[in-house]
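Peer 1: Please find one structure pasted underneath; my questions will follow.
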């Protein structure tokens, strides 16, 4: 099925964003593992895997619409030098994703591609959950203090 050009463009833009955050989260997870924060490693790695499934869904949809998935154009990653900065950078990435998915949903609606819009709406639900999860961790860091928070993250 030949897809709308603007829909394929936004899907590729979202794909590049997803692949970028997968890489960012993988680096953050491995840094946490290296520092001995096993629980943080596992949580961030789990989020990276969800983002990878988003990338897979976007790739499948682009191919279905007879487009070519662009997997070689990553955006700049923002790697944190400490845990609070990691979560601040990840929060920024998720807020940006929510904004971009909302824009994509509008583009799909304008193109009357409601099936693609539904795919993006499902991914948006996950992204909203990621924002909530990151904000929860950020609140815990503020309320407990970084030392107590980190002492609870060791394996």
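Peer 1: Looking at (1) under 25 Å from residue 142 (Cβ atoms); (2) in a helix (DSSP H, G or I), which one does residue 36 not meet, given that it meets all the others?
Peer 2: Answer for residue 36: the failing condition is (2).
Peer 1: Is there any pair linking a residue in the range 119-136 that is without any contact (Cβ under 8 Å) to a residue 12 or more places away in the chain and at positive phi to one that is assigned to a helix (DSSP H, G or I) and surrounded by 17 or more Cβ atoms within 10 Å (Cβ to Cβ), with Cβ under 8 Å and at least six apart or on different chains, and which?
Peer 2: If the second residue must be assigned to a helix (DSSP H, G or I) and surrounded by 17 or more Cβ atoms within 10 Å (Cβ to Cβ), no pairs are left.
Peer 1: Which of (1) surrounded by fewer than 14 Cβ atoms within 10 Å (Cβ to Cβ); (2) in contact with a helix residue (DSSP H, G or I) (Cβ under 6 Å, 6 or more places away or on another chain); (3) under 14 Å from residue 10 (Cα atoms); (4) modelled with pLDDT of 95 or more does residue 79 not meet, given it meets every other one?
Peer 2: Against the list (1) surrounded by fewer than 14 Cβ atoms within 10 Å (Cβ to Cβ); (2) in contact with a helix residue (DSSP H, G or I) (Cβ under 6 Å, 6 or more places away or on another chain); (3) under 14 Å from residue 10 (Cα atoms); (4) modelled with pLDDT of 95 or more, residue 79 comes up short only on (3).
Peer 1: Is it fair to say residue 63 is surrounded by fewer than 19 Cβ atoms within 10 Å (Cβ to Cβ), out of contact with any helix residue (DSSP H, G or I) (no Cβ under 9 Å at 6 or more places or on another chain) and either over 15 Å from residue 126 (Cβ atoms) or modelled with pLDDT of 95 or more (or both)?
Peer 2: Working: surrounded by fewer than 19 Cβ atoms within 10 Å (Cβ to Cβ): yes; out of contact with any helix residue (DSSP H, G or I) (no Cβ under 9 Å at 6 or more places or on another chain): yes; either over 15 Å from residue 126 (Cβ atoms) or modelled with pLDDT of 95 or more (or both): yes.
Yes, satisfied.
Peer 1: Can you tell me which condition residue 33 does not meet? The list is (1) within 21 Å of residue 128 (Cα to Cα); (2) buried (at least 16 other Cβ atoms within 10 Å of the Cβ); (3) without any contact (Cβ under 8 Å) to a residue 60 or more places away in the chain, and all the others hold.
Peer 2: (1)
Peer 1: Here's something else I'd like to know. Pick from 48, 111: which is more than 23 Å from residue 26 (Cα to Cα), in contact with a helix residue (DSSP H, G or I) (Cβ under 6 Å, 6 or more places away or on another chain) and at pLDDT 95 or above?
Peer 2: Of 48, 111, the one residue that is more than 23 Å from residue 26 (Cα to Cα), in contact with a helix residue (DSSP H, G or I) (Cβ under 6 Å, 6 or more places away or on another chain) and at pLDDT 95 or above is 111.
Peer 1: Still on this structure, please answer the following. Name every residue in the range 1-30 that is over 18 Å from the mean Cα position of the chain (by Cα) and assigned to a helix (DSSP H, G or I), in order of residue number.
Peer 2: Matches in the range 1-30: 5, 6, 7, 8, 9.
The values are calculated or read from the model by the stated rules, or taken from the named source; none is laboratory data. All values reported here derive from a predicted model rather than from experimental measurement. Glycine also receives a Cβ, built like all others from the backbone with ideal geometry; neighbour counts cover every protein chain displayed.
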